1. Determine whether GLY40 is at positive phi and in contact (Cβ under 8 Å) with a residue 60 or more places away in the chain.
2. For PHE31, all conditions in the list (1) under 26 Å from the mean Cα position of the chain (by Cα); (2) not in a helix (DSSP H, G or I) hold save one; what is the number of the exception?
3. Restricted to region 39-59, and to residues that are in a loop (DSSP other than H, G, I, E, B) and within 25 Å of the chain's Cα centre (by Cα), which residue is modelled with the lowest pLDDT?
4. Output the residues belonging to region 27-53 that are under 19 Å from PHE93 (Cα atoms) and among the hydrophobic types (A, V, I, L, M, F, W, C).
5. Output yes when any residue across region 14-24 is in contact (Cβ under 8 Å) with a residue 12 or more places away in the chain, in contact with an Asp or Glu (Cβ under 8 Å, 6 or more places away or on another chain) and closer than 21 Å to PHE142 by Cα, and no when none is.
Amino acid sequence: MKPVKLTLKGINSFEKLQVIDFEALTRQGVFGIFGPTGSGKSSILDGITLALYGEVARESRNFINVNMEQASVEFTFLIREGGVKRYQVSRSFRRDKKNGNVRTSSAKLIFFKDGEEEVLAERAKEVNQLCYEIIGLSREDFFRTVILPQGRFFDFLKLEGVARSRMLERLFHLEKYGDELSAKVNARWLCLKDEYQTLAGYMDAQGDVSKEAIETLKKEQEDVAEGAQTFGDKASQAFGAVHEAIVAA
């Protein structure tokens, strides 16, 4: 994801409308955001996470400026996947007058295609889901890899096992390879399972197939063959005697 423009109003220390043009900032290459404590550095990151996920990484719901009852954010960004794609997500928030809780009053996700705007979603949950699918990072993954709030860096480092594998899969878009491999392994396992069950059924139908049983069966076959040979010899002798009798007559 490449940020293009961020517009804030009523977010933390930004009471008035603020526009941050990232394209202008990146023209000279790498840029930094500097300032004393409370100047609004973290609020810029809060604005991005609010736009994408409707929440801030600092787990606070008091992000509306104390002098305002409403706040808004608009974030435009690019995704380089199968070409450059441009999106814009916007949200507005209001403070409930009864209990002071902050609620989302509107949300919208727009995709710019061939110079025209295509509205992809206009409900908060749908916007959240599509942002996750477009960026490829869940809210938790985004906070751990992009934002890393103060005091939370160790949380990122101590991830292990399945949690780390899942996050890295999403981060590098490797889910499809894991899913394909899992599907192939599962299909092969089912095939082998069927073959095993078929062979097991066949073996059960044969009854006792011990070494002694095999030797007994072999002896019976030999006895039958010997009996057939004896019968054949006697039949041949009888046929010869009948033939001689006929000739003599």
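The values are calculated or read from the model by the stated rules, or taken from the named source; none is laboratory data. All of these numbers come straight from a predicted model, not from anything done at the bench. Cβ coordinates were reconstructed from backbone atoms using ideal geometry, including for glycine residues, and neighbour counts include every protein chain displayed.
1. Numbers: at positive phi: yes; in contact (Cβ under 8 Å) with a residue 60 or more places away in the chain: no.
So GLY40 does not fit the description; no.
2. Result: PHE31 fails condition (1) only.
3. Step one: filter region 39-59 for residues in a loop (DSSP other than H, G, I, E, B), giving 39-40, 54-59.
From the residues that got through so far, the ones that are within 25 Å of the chain's Cα centre (by Cα) too are 54-57.
On the way: GLY54: 89, GLU55: 85, VAL56: 81, ALA57: 68.
Ranking the qualifying residues of region 39-59, first place goes to ALA57.
4. ILE44, LEU45, ILE48, LEU50, ALA51, LEU52
5. Checking region 14-24: not a single residue is in contact (Cβ under 8 Å) with a residue 12 or more places away in the chain, in contact with an Asp or Glu (Cβ under 8 Å, 6 or more places away or on another chain) and closer than 21 Å to PHE142 by Cα.
Conditions (1) in contact with a strand residue (DSSP E or B) (Cβ under 7 Å, 6 or more places away or on another chain); (2) surrounded by 14 or more Cβ atoms within 10 Å (Cβ to Cβ), marked per residue:
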residue	(1), (2)
LEU8	yes, yes
ASN12	no, yes
ILE33	no, no
SER42	no, yes
GLY47	yes, yes
SER72	yes, yes
PHE77	yes, yes
ARG86	yes, yes
